[in-house]
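Quick notes on the structure that follows.
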Number of protein chains: 2
Amino acid sequence: MNKEELTPMRHSLAHIMATAVTKLWPEAKLGVGPVVENGFYYDIDIPGVAISEDDFKKIEKEMQAVINQNQPFEQSTKSIDDAIAWAKESEQPYKEELLNDLKRAGTTVAKDLSPEEMGTLAEGESQLDSVGFYTNRDFTDLCRGPHVEHTGQVGAFKLMRVAGAYWRGDEKNPQMQRLYGVAFKTKQELHDYLQMLEEAKKRDHRKLGKELDLFVFSDLVGSGLPLFTEKGTILREEIGKFTQELRERTGFTRVWTPVIAKTDLYKASGHWDKFGDELFLVKSQETSDEFVLRPMNCPHHVQIYTSKPRSYRDLPLKFMENAGDYRDEKTGELHGLSRVRSFTQDDSHAFVAQDQIKQVASDLVEAAHEMYSVFDMELKFRLSFRDDGEGYLGEQALWDKAQAQIEELAKENELDYYVEEGEAAFYGPKIDFMATDAIGRQWQVATVQLDFVQPERFGLEFINESGEAEQPVMIHCALLGSIERFLSVYIEHTAGKFPIWLAPEQIRIISVNQEAETLQMVDRIEALARNKGLRVYADNDNESVGKKIRNAEVAKVPYTIVVGEKEVANGIVTPRVRRDISVIDAHPELHYEQFVQTVANESISRIIKSSL
Amino acid sequence: MNKEELTPMRHSLAHIMATAVTKLWPEAKLGVGPVVENGFYYDIDIPGVAISEDDFKKIEKEMQAVINQNQPFEQSTKSIDDAIAWAKESEQPYKEELLNDLKRAGTTVAKDLSPEEMGTLAEGESQLDSVGFYTNRDFTDLCRGPHVEHTGQVGAFKLMRVAGAYWRGDEKNPQMQRLYGVAFKTKQELHDYLQMLEEAKKRDHRKLGKELDLFVFSDLVGSGLPLFTEKGTILREEIGKFTQELRERTGFTRVWTPVIAKTDLYKASGHWDKFGDELFLVKSQETSDEFVLRPMNCPHHVQIYTSKPRSYRDLPLKFMENAGDYRDEKTGELHGLSRVRSFTQDDSHAFVAQDQIKQVASDLVEAAHEMYSVFDMELKFRLSFRDDGEGYLGEQALWDKAQAQIEELAKENELDYYVEEGEAAFYGPKIDFMATDAIGRQWQVATVQLDFVQPERFGLEFINESGEAEQPVMIHCALLGSIERFLSVYIEHTAGKFPIWLAPEQIRIISVNQEAETLQMVDRIEALARNKGLRVYADNDNESVGKKIRNAEVAKVPYTIVVGEKEVANGIVTPRVRRDISVIDAHPELHYEQFVQTVANESISRIIKSSL
């Protein structure tokens, strides 16, 4: 189902919802009603009435009646003055305000309008002289379309929630009620989407983060600043090692840089202007030095590049660092690990000659492939190229050369890719990696970004084979993106059932009783597992075996073994294997040494399926 | 040679130097002349004369003349008014100022005087009524002593340098010349000290850091903010892994926390007041939040402790983190890696019940022992206990219990220790680890610090076996201290000749020529070594073998092999072994596979001596 087809359906549903609401509450004043991801909303103000979820059934019933009537959507235009008169007459003060603003200041106001508000204007040259309207039977709305032909063509929908929203997003304005709905072409698609939402709720990484004791927040530390507990730190570190190992093979070496720098560095790089208010400012009390908590790492790595003269023999020069960055996100936008103020990028920067772009980028794409196949997520690639527009920096010839190399490597590596012109950054083309998770959501996880501008701004050079100074190209790449954000995706992808190599706790040993022989056997197995480098926990608590097994299940431990009289007698254990791990026999009997060795082998190889 | 004996000798030498200077330049005005580490200085102002190192011979000759005369030091006192009259008459305005200040404001001023200035006052009750003087023949100085009996008893000395110094350390005051000397009891001791200085200069970690390409500074990043290159990062990481592995064995687990926190956290902990101007303040532009770049990590780890209820079964609870800290040191005090603004502590915090102190501290001491034996540095231990003074927080019974456990573990572990009463922090006793480096310098490297106060301030508790809430004790411990500072010590200790397990480059392979067969053999050896996890570098440059060998020597690579016709023919290599690595045969012949395997074995075991 493509977007072009869904947008008019969802937009039409916004009108149908407004039709229903004004029928139920004729005094309702309407704001704007745009299409959003997966659906639509309408901002509504009903004096003295607070719509609640209890009203949804009633509204949906009215909407369904309008749909069943196959009311045609009819387009018309009015002069701006007639439109204002219409708004007055209809007692729609918000529409009147929009139209007045538009009339008074012309395009200037039009430019300041949000995309949703723009939706109410007629298109093209005539926008200041006349505005567009759509009518379905008794309901008319200021609107530039597009719509479906009649109300019967809107697919399947469901109202989801109602929330307060200030008129035009300004808290000095009156608060309206924003009524949200989702819509898809078919009932099946709607059903699948709702089920996905249900599943996503169960997998919410904030909920799982608490249940599995992975990370915590503290009011004293501050919002958006997660603290990782033992288990969460294991996830961070194992993933962090993995992403670096993949690049180490192709010659990336680790560097270490501090999280602050003088503002001068970020003024030189251009990030000072780009990040603006998002920068945390750091003040020295001892000196007049002014610093920032860095929002990204490239300028620091550039300083290592410039610390000595470089020759073509040094290129490609490849640095990487799992490095802390800080951005001052608005408090309201913070969300678990997916939107934080402190995050860790698995960052890397390659300084390359122009004809090395393809090889270096190709190695990175291969690394990404291996990484996401281990994470069991499919990757698609978007090649984001320049278009004919202005504002791109760097010579056209360099762009052509770079984009040609990128497309060549995409073909040679048989990537599942598409080219999108106009999606490049102004400083260079890039490859975006999109991963699909277990419940079908697509996430942009990583980027290989070419950069023609920072080498210019910092005057980077190397001496080429002819003995002349030449400017290198920079290639930025993070395979995970930010470790925190990746974890938010991955925790939900796996629902917290981490593969063996990553599971913070790999084996739990449960004692059946508190007898000396039992505890000795538990100790013996625990020591052996620990000695093999496994993460093991012995539960010798004086609780029932049933309760202890349930605890291990809640903790989503891959392997649990219960040690009682029988196990003490012959050393044969019957591991309980977490259900998602496919095994020939879910309850194999084997000697504990063999069991530990098998888990140890799995743990090292980063494979996902059990071989028990 | 103890300090009690050296102090009067060095102090007497300051007087003898002043005697000589006033003989050579009778118009010289004297400031203060205290004892400092390894010697003494005197601040002198000679109108129109700038003393230079060229004058040292002349001054030393005059001093030697005074010494040869065995002039007795005679003590006397004067009333404060008589003393002022004396200073006037002697035309010593600086002495006059000191005496006037003292008279005017009594003890208040005396308290504000620096330790050096205090040296000019008579001791005890009478200090406001009368002041002390010492006279050696024609030279009299305001002084409280002590001195040797006569000028012949001052041992061996040498003038070292002269530098500008503002009177009383205030840049608004006149600038004087500070004349430094060193002094020891015997000529041999002086000789050894001077030789050590010479050696220390060669080993200066700032010089080696550049030569070995370990770290760099950038004006754009800021002073005191080192950036670690590939090789320096290997040192950081290998050492960082080592210090964590040692504690992992005894149950410490890794956590991860951000480098900023709201000022509230550090106000609650008490660090806000303690660190004052040394804190980097961080301002949010998006919100009104105020943060600090943390100067230490304990409050963050405390927040993980308090994130859920704790029981006696959870204790001892042990967190560790190689964590970034930031302190705003004065620019003038920054020095290479030993005094920086950004540093990384190999920090750990154990939360323990009172009777667990001994076991946890003992494990840490054992870990320190193992660490510093690998680093080939001897450790001494200072048990820093409380005295009868005031200002110690926490109950006396808890102090007694804790100190008894510490002394017990020191005895049981047969530590080379001494107790120093009055050296405890106000919040708990501690064990200080002092390491001696290869040229005899002693460094305080690590601490096991008990803390009774933070658990109180943050209201920490656990439920004990009786079901009651009880307060844990915190044990802070860093084995390295700060990784940066430790590296500054260790680079100088080893003179950059790092042991195999730590060497950023372990093997260098040098090609004799550019022939395909040679390069193939180089590749084969390099690939094998890399496959075994070794850090190897192939030098195929088109340079002479002699120059390539010298380059490897300058880089202090432990093993270098040269690959030419012979090596290609039979695979037998003759490793050049760095001289400090003791081997049976410095140039053994062996097959390259055997060579690589031997180095790989050494690399893993963290041993220091070669087994080739």
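Tell me the residue from A:Gly209, A:Gly222 that is in contact with a strand residue (DSSP E or B) (Cβ under 8 Å, 6 or more places away or on another chain), more than 9 Å from every other protein chain (Cβ to nearest Cβ) and in contact (Cβ under 8 Å) with a residue 40 or more places away in the chain, please.
Going through A:Gly209, A:Gly222 in turn, the sole match is A:Gly209.
Please specify each residue of segment A:563-575 satisfying the condition of being more than 16 Å from A:Gln597 (Cα to Cα) and in a strand (DSSP E or B).
A:Val563
For segment A:262-288, name all the residues that are without any contact (Cβ under 8 Å) to a residue 24 or more places away in the chain and more than 7 Å from chain B (Cβ to nearest Cβ).
Within segment A:262-288, A:Lys267, A:Trp272, A:Asp273, A:Lys274, A:Gly276, A:Ser288 qualify.
Please work out if A:Val259 is facing another protein chain (nearest Cβ under 9 Å), touching a Ser or Thr at 6+ places or on another chain (Cβ under 9 Å) and aliphatic (A, V, I, L, M). Quick ask: steps written out before the conclusion?
Numbers: facing another protein chain (nearest Cβ under 9 Å): yes; touching a Ser or Thr at 6+ places or on another chain (Cβ under 9 Å): yes; aliphatic (A, V, I, L, M): yes.
For A:Val259, the condition - facing another protein chain (nearest Cβ under 9 Å), touching a Ser or Thr at 6+ places or on another chain (Cβ under 9 Å) and aliphatic (A, V, I, L, M) - is met.
Which of the residues belonging to segment B:328-356 are at pLDDT below 95 and closer than 22 Å to B:Phe458 by Cβ?
Residues satisfying the conditions are B:Gln354, B:Asp355.
How about segment A:228-268: which of its residues are of a type in the set (S, T, N, Q) and either crowded, with 23+ Cβ neighbours inside 10 Å or modelled with pLDDT of 95 or more (or both)? Give the steps one after another, and end with the answer.
As a first pass, look at segment A:228-268 and keep what is of a type in the set (S, T, N, Q): A:229, A:233, A:243-244, A:250, A:253, A:257, A:263.
Once the filter is applied, which keeps residues that are of a type in the set (S, T, N, Q) and either crowded, with 23+ Cβ neighbours inside 10 Å or modelled with pLDDT of 95 or more (or both), segment A:228-268 yields A:Thr229, A:Thr233, A:Thr243, A:Gln244, A:Thr253, A:Thr257, A:Thr263.
Quick one: count up the residues across segment B:358-381 that are farther than 20 Å from B:Glu492 by Cα and charged (D, E, K, R).
Total satisfying the criteria: 4.
Report whether or not A:Pro8 is surrounded by fewer than 17 Cβ atoms within 10 Å (Cβ to Cβ) and not polar (S, T, N, Q).
Here the answer is no, as A:Pro8 does not meet what is asked.
Among the listed residues B:Ala538, B:Ala555, B:Ala529, identify the single one that is buried (at least 21 other Cβ atoms within 10 Å of the Cβ) and at pLDDT 95 or above.
It is B:Ala529.
Name the one entry in B:Arg550, B:Arg508 that is part of a strand (DSSP E or B) and among the charged types (D, E, K, R).
Checking each option against the conditions leaves just B:Arg508.
Restricting attention to segment A:282-309, which residues are surrounded by fewer than 19 Cβ atoms within 10 Å (Cβ to Cβ) and out of contact with any helix residue (DSSP H, G or I) (no Cβ under 8 Å at 6 or more places or on another chain)?
Those that are surrounded by fewer than 19 Cβ atoms within 10 Å (Cβ to Cβ) and out of contact with any helix residue (DSSP H, G or I) (no Cβ under 8 Å at 6 or more places or on another chain): A:Lys283, A:Ser288, A:Thr306, A:Ser307, A:Lys308, A:Pro309.
Quick one: in segment A:581-597, which of the residues that are surrounded by 14 or more Cβ atoms within 10 Å (Cβ to Cβ) and at pLDDT below 90 is farthest from the chain's Cα centre (by Cα)?
For segment A:581-597, the residue satisfying everything is A:Pro588.
Here is a yes/no grid of residues against (1) touching a residue at least 24 places away in the same chain (Cβ under 8 Å); (2) loosely packed, with under 13 Cβ neighbours inside 10 Å:
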{"residue": "B:Pro47", "(1), (2)": "no, yes"}
{"residue": "B:Ser52", "(1), (2)": "yes, yes"}
{"residue": "B:Phe56", "(1), (2)": "yes, no"}
{"residue": "B:Met63", "(1), (2)": "yes, no"}
{"residue": "B:Glu74", "(1), (2)": "yes, no"}
{"residue": "B:Thr77", "(1), (2)": "yes, no"}
{"residue": "B:Ala83", "(1), (2)": "yes, no"}
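Restricting the search to segment B:305-331, which residues are closer than 20 Å to A:Phe291 by Cβ and facing chain A (nearest Cβ under 10 Å)?
Across segment B:305-331, the qualifying residues are B:Gly324, B:Tyr326, B:Arg327, B:Asp328, B:Glu329, B:Lys330, B:Thr331.
Considering each of A:Ala538, A:Ala527 in turn, give the residue that is within 22 Å of B:Gly251 (Cβ to Cβ), among the aliphatic types (A, V, I, L, M), out of contact with any Leu (no Cβ under 9 Å at 6 or more places or on another chain) and within 14 Å of chain B (Cβ to nearest Cβ). Break it down into steps so the answer makes sense when it comes.
On the way: A:Ala538 fails: out of contact with any Leu (no Cβ under 9 Å at 6 or more places or on another chain).
When all the criteria are applied, what remains is A:Ala527.
Residues are listed down the side, and each one gets a yes or a no for (1) acidic (Asp, Glu); (2) touching a Gly at 6+ places or on another chain (Cβ under 8 Å):
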site: A:Phe215; (1), (2): no, yes
site: A:Val221; (1), (2): no, no
site: A:Leu227; (1), (2): no, no
site: A:Gly232; (1), (2): no, yes
site: A:Arg236; (1), (2): no, no
site: A:Ile239; (1), (2): no, no
site: A:Phe242; (1), (2): no, no
site: A:Glu245; (1), (2): yes, no
site: A:Phe252; (1), (2): no, no
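This table checks each residue for (1) aromatic (Phe, Trp, Tyr); (2) not assigned by TED's automatic domain parsing to the domain that holds A:Met17.
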| site | (1), (2) |
| --- | --- |
| A:Glu171 | no, no |
| A:Met176 | no, no |
| A:Leu179 | no, no |
| A:Leu190 | no, no |
| A:Met196 | no, no |
| A:Leu225 | no, yes |
| A:Leu235 | no, yes |
| A:Phe242 | yes, yes |
| A:Leu246 | no, yes |
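Taking B:Ala404 and the conditions (1) within 21 Å of B:Val360 (Cβ to Cβ); (2) in contact with a strand residue (DSSP E or B) (Cβ under 9 Å, 6 or more places away or on another chain), which numbered condition does it fall short on, given that it satisfies the others?
Here B:Ala404 meets the rest and fails (2).
Yes or no: segment B:225-239 includes at least one residue that is more than 11 Å from chain A (Cβ to nearest Cβ) and in contact with a strand residue (DSSP E or B) (Cβ under 9 Å, 6 or more places away or on another chain).
Yes.
Taking segment B:337-350 on its own, how many of its residues are farther than 13 Å from B:Gly222 by Cα and either at the interface with chain A (Cβ under 8 Å from one of its Cβ atoms) or of a type outside the set (Asp, Glu) (or both)?
Qualifying residue count for the region: 9.
Could you list all residues from segment A:289-304 that are within 10 Å of chain B (Cβ to nearest Cβ) and either of a type in the set (A, V, I, L, M) or out of contact with any Asp or Glu (no Cβ under 7 Å at 6 or more places or on another chain) (or both)?
Within segment A:289-304, A:Asp289, A:Glu290, A:Phe291, A:Val292, A:Leu293, A:Pro299, A:His300, A:His301, A:Val302, A:Gln303, A:Ile304 qualify.
Given the condition assigned to a strand (DSSP E or B) and not assigned by TED's automatic domain parsing to the domain that holds B:Asp580, answer yes or no: does some residue in segment B:386-403 qualify? Give the derivation first.
Taking segment B:386-403 first, the residues assigned to a strand (DSSP E or B) are none.
Scanning segment B:386-403 turns up no residue that is assigned to a strand (DSSP E or B) and not assigned by TED's automatic domain parsing to the domain that holds B:Asp580.
Which pairs have Cβ atoms under 9 Å, sit 6 or more apart or on different chains, and link a residue in segment B:513-539 that is closer than 22 Å to B:Ala600 by Cα to one that is aromatic (Phe, Trp, Tyr) and outside any helix (DSSP H, G or I)?
B:Glu526/B:Tyr537
The values are calculated or read from the model by the stated rules, or taken from the named source; none is laboratory data. If you're wondering where the values come from, they're calculated on a predicted model, not measured in any experiment. Here the Cβ is made from the backbone with ideal geometry for all residues, glycine too, and neighbour counts use every protein chain on show.
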